[in-house]
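What follows is a short report on a single structure.
The values are calculated or read from the model by the stated rules, or taken from the named source; none is laboratory data. All values derive from a computational prediction rather than experimental measurement. Ideal geometry is used to build each Cβ from the backbone, glycine not excepted, and the neighbour counts take in all protein chains shown.
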Amino acid sequence: MASQYADAFARVFASRNGVVLFAQSKGATSEALRRTAVERGASSVAVAGIPEGVRGAVAEGLEGIEVIDVGSLRGAEAKEAVARADLSVTWAAHGVAKEGALMEATWDDATKLASCLPMTNVALVSEGSFLPDFHAAMRAAGKIVAESPGPKPTISFIAGPSRTADIESRLLYGVHGPHSVVALVLGWA
């Protein structure tokens, strides 16, 4: 059963051409990832920032597909590997209900590239991490930055697929980032 905040997020995110899926178990998560990869014709997937307790479900869902572990790559090697991925699977620290956005915290460029370069990004987010609005999200972002030892993270808000109307006043998707963003809300993580 999705939380009130997750439901509100889903309505707004979908209105911006984002896709929202809900998974209440590890098996449902694996199946949603497998189905998304097949539907998108993914032959390689960049995976970045996935918490330990969720990695098994991700690995099972992507079985038989080339998986690029972005966390082990640096510099040009990371950029080249992520750029050739058809799809990425990343982690969102929070969902923001009122604004229909995902809050991503990344500590290195390779992980950030994973949510930006492939044509499709699947962002996993825990249902229990949803916040009511941007004000609460900014407090949470401040806390993440303040509590991070060493290098500070980059905080990004993702409110659906990349879009622009700068070219001939036509709305285009995927110009500055993913053409498609899937938020996979995990009710078990």
Flag if THR111 is of a type in the set (Val, Ile, Thr) and crowded, with 22+ Cβ neighbours inside 10 Å: yes
Among the candidates GLU60, GLU52, GLU39, residue that is within 22 Å of LYS112 (Cα to Cα), acidic (Asp, Glu), at pLDDT 95 or above and out of contact with any strand residue (DSSP E or B) (no Cβ under 7 Å at 6 or more places or on another chain): GLU52
Residue within the stretch 42-57 that is free of Cβ contacts under 8 Å to residues at least 12 places away in the same chain and under 18 Å from the mean Cα position of the chain (by Cα) present: yes
The stretch 69-91, subset surrounded by fewer than 20 Cβ atoms within 10 Å (Cβ to Cβ) and hydrophobic (A, V, I, L, M, F, W, C), residue farthest from SER126 (Cα to Cα): ALA76
Selection within the stretch 70-112 - over 25 Å from ALA141 (Cα atoms), of a type in the set (Asp, Glu) and within 15 Å of the chain's Cα centre (by Cα): ASP86
Unique match (being at pLDDT 85 or above and surrounded by 13 or more Cβ atoms within 10 Å (Cβ to Cβ)) among ALA140, ALA146: ALA140
